[in-house]
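The values are calculated or read from the model by the stated rules, or taken from the named source; none is laboratory data. The shown structure was predicted, so the numbers you read here are calculated from the model rather than taken from an experiment. Cβ: placed from backbone, ideal geometry, glycine included. Neighbour counts: every protein chain shown.
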Amino acid sequence: MAFTFKQLRYFLAVVDTGKVSDAAIAVNISASSVTEAIKELESFLGQKLFTRSRTGLVITPEGYRFLSYAKRILTDVKAAKECLNSEQQMIDGNIKLGVTDTISGYFISPLIDRFHRMFPEATIEFEEHSRTILQKKVSDGELDIAILLISNLRSRNDINVIPLLSSQRRLWVAANHPLLRKNIVTLQDISKEPYILLDIDESAETTNSYWHEYDLNPQVIFKTAMLESVRNLVATGTGITILSDMVYRPWSIDGDRIETIEIHEKIPSMDTGLMWSSKHQSSKLLKEFISFCRMQYTSTSGSLL
């Protein structure tokens, strides 16, 4: 028995949504078909890919290791089809790309690797800056395009913005944390616990904004720009934090487990997107890059990252 591309798609949909019912809606099939596909995939791999929690399904360490391979398989198949159906691979040129630190650390590498395989003659130059500097450089024509968190971007006539990926924010706790035993976890509950605050890419400002919306404040015991420090401190029970699924890993460097919990209040998602100038002529290569990025993130059923 071999696994199918559909099983991989359904697996990714469950990872994205955390629930069989929501995954079924995303890929437009019955929940029982998703469940059966996951069982068949687990049987083929000889590993459990998910465990059940009070809020849905949680990916296992084995499932997480398999996740990158599943994404790569589907991406390579899709890229191969695109290459066979066009002459895109013959396009050359250079793109000046700007990114923020979150994007450079947790988003950009697999995307650019796949782009280079589809367009081997193209080159990409990278610059890492804050959102405000990227916006100025794109507007001034010093950068062709930027990939960044777009939640705090203000609308401007000279800037085009396209969302790519919306990543939900959840509470991160150690594997034995008492909050895991509660049926509903609120910001009020979280405010009573020691909090680890990640301070990169405007994350601290975003955190403060939704806490203030509910007239609450976290008990910040440590503020850091190092995400791995946050993981270690959360995994060992020193504190808890609220971060997005895009940067989530189910264990720390030392192998301690990190669990996630849905928060009762509505917490804004972390949205990633493209930004480029409407004042300057876009090259053919830049248009292909924009199209390629949109292809990767069009929907849950088609998303390959």
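Worth pointing out:
- For segment 212-222, the criterion of being of a type in the set (Asp, Glu) and in contact with a strand residue (DSSP E or B) (Cβ under 8 Å, 6 or more places away or on another chain) is met by no residue.
- Some residue of segment 45-54 being of a type in the set (D, E, K, R), within 20 Å of the chain's Cα centre (by Cα) and outside the structural domain of Leu111 (by TED's automatic domain parsing): no
Matching residues to (1) of a type in the set (Lys, Arg); (2) buried (at least 19 other Cβ atoms within 10 Å of the Cβ); (3) within 23 Å of Gly56 (Cα to Cα):
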{"residue": "Glu125", "(1), (2), (3)": "no, no, no"}
{"residue": "Lys137", "(1), (2), (3)": "yes, no, no"}
{"residue": "Leu143", "(1), (2), (3)": "no, yes, no"}
{"residue": "Asn152", "(1), (2), (3)": "no, no, no"}
{"residue": "Arg169", "(1), (2), (3)": "yes, yes, yes"}
{"residue": "Trp172", "(1), (2), (3)": "no, yes, yes"}
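- Candidates Thr102, Thr132 - the one that is in contact with a strand residue (DSSP E or B) (Cβ under 8 Å, 6 or more places away or on another chain), under 30 Å from Gly239 (Cβ atoms) and outside any strand (DSSP E or B): Thr102
- Counted residues, segment 147-191 - those being among the charged types (D, E, K, R), assigned to a loop (DSSP other than H, G, I, E, B) and in the same structural domain as Trp251 (by TED's automatic domain parsing): 1
- Only residues that are within 23 Å of Asp76 (Cα to Cα), within 18 Å of the chain's Cα centre (by Cα) and of a type in the set (D, E, K, R) were counted across segment 97-145, and they come to 2.
- Meets criteria (of a type outside the set (A, V, I, L, M) and assigned to a strand (DSSP E or B)) for Ser109: no
- Those residues of segment 275-287 which are aliphatic (A, V, I, L, M) and either assigned by TED's automatic domain parsing to the domain that holds Asp245 or out of contact with any Leu (no Cβ under 8 Å at 6 or more places or on another chain) (or both), in sequence order: Leu285, Leu286
- Residues of segment 164-190 satisfying the condition of being over 19 Å from Leu243 (Cβ atoms) and modelled with pLDDT under 90: Asn183
- Only a single criterion out of (1) surrounded by 19 or more Cβ atoms within 10 Å (Cβ to Cβ); (2) in contact with a Gly (Cβ under 8 Å, 6 or more places away or on another chain) is not satisfied by Ala24, namely (2).
- Of all residues making up segment 1-20, the number that are hydroxyl-bearing (Ser, Thr, Tyr) and exposed (fewer than 14 other Cβ atoms within 10 Å of the Cβ): 1
- Restricting segment 105-118 to residues that are in contact (Cβ under 8 Å) with a residue 24 or more places away in the chain and touching a strand residue (DSSP E or B) at 6+ places or on another chain (Cβ under 7 Å), the residue that is surrounded by the fewest Cβ atoms within 10 Å (Cβ to Cβ): Ile108
- From Thr241, Thr207, residue being closer than 27 Å to Ser68 by Cβ and among the hydroxyl-bearing types (Ser, Thr, Tyr): Thr241
- Of the residues Ser252, Ser277, Ser229, the single one that is modelled with pLDDT under 90 and over 18 Å from Thr186 (Cβ atoms) is Ser252.
- Segment 128-182, residues that are of a type in the set (Val, Ile, Thr) and under 16 Å from Ile95 (Cβ atoms): Val138, Ile145, Ile147, Ile162
- When Leu187, Leu198 are checked against the criterion of being in contact with a helix residue (DSSP H, G or I) (Cβ under 8 Å, 6 or more places away or on another chain), crowded, with 19+ Cβ neighbours inside 10 Å, closer than 22 Å to Thr132 by Cβ and not charged (D, E, K, R), a single residue qualifies: Leu198.
- Thr102 vs. criteria closer than 29 Å to Ala13 by Cβ, polar (S, T, N, Q), out of contact with any His (no Cβ under 6 Å at 6 or more places or on another chain) and buried (at least 19 other Cβ atoms within 10 Å of the Cβ): yes
- Every residue from segment 255-265 that is out of contact with any strand residue (DSSP E or B) (no Cβ under 8 Å at 6 or more places or on another chain) and at pLDDT below 90: Gly255
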